[in-house]
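The values are calculated or read from the model by the stated rules, or taken from the named source; none is laboratory data. Computed from a predicted model, the values in this text were never measured in an experiment. Cβ coordinates were reconstructed from backbone atoms using ideal geometry, including for glycine residues, and neighbour counts include every protein chain displayed.
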Amino acid sequence: MRSLNPDEAHLWARVMETVRPLRAAIVPARPAPPPPTMEAVFQETPGAPKVRVKGRVPPLRQPAPPPAAPKKGPGETLDGGWDKRLSRGSVMPDSSLDLHGHTLASAHALLDQGLGRAIARGDRVLLLVTGKPPRPESERPHARGAIRAAISDWLGASRHADAIAAIRNAHPRHGGQGALYIVFRRPRER
């Protein structure tokens, strides 16, 4: 004896709803129709091969949506020529901003104002002096390098983040480990 496919089971349930019993008897509640089997799923799919599966089969997985194209943030949009010139120190910054010696709060406020001024002037490269990062052998907690450690977060969350093309370490002639180059995007011509 074969079992009913889902369409036949649905049709049979509709027929059973119209039937009246001859005698008044307690009729148990009708169980919900079983979920479709793998065979039924493959039979319902046009053009899919018929497959018989034995044992317990996990449910079909929906394909994952393709990942969105990652937005290029600060530091990922320079070409090789820019990187070479910055690493050689042949690029002269248009302006500089010194955060060395400030508290975190005052450095953050000064950075926001300085970025705004540099963008308004049309600067292409800003030299940002942060102070040297802490040495690896220094004991924690240490106060040195706190501004340098927070810079990437500040720039990423800044209202000026869209105007920043790249952040690179400065050449020793411009401060080395204690400074960064911030390269701004070219303003779009309309």
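Some points to look at:
- Residue ID - nearest to the chain's Cα centre (by Cα), chosen from residues in region 76-102 that are at pLDDT below 85 and of a type in the set (S, T, N, Q): Thr77
- Close pairs (9 angstrom Cβ cut-off, 6 or more residues apart or separate chains): more than 16 Å from Arg88 (Cβ to Cβ) in region 153-174, among the hydroxyl-bearing types (Ser, Thr, Tyr) and part of a helix (DSSP H, G or I) anywhere: Ile167/Ser152
For (1) modelled with pLDDT of 80 or more; (2) surrounded by 11 or more Cβ atoms within 10 Å (Cβ to Cβ); (3) not in a helix (DSSP H, G or I), each residue gets a yes or a no:
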residue	(1), (2), (3)
Asp123	yes, yes, yes
Leu126	yes, yes, yes
Gly131	no, yes, yes
His142	no, no, yes
Ser152	yes, yes, no
Gly156	yes, yes, no
Ile167	yes, yes, yes
Arg188	no, no, yes
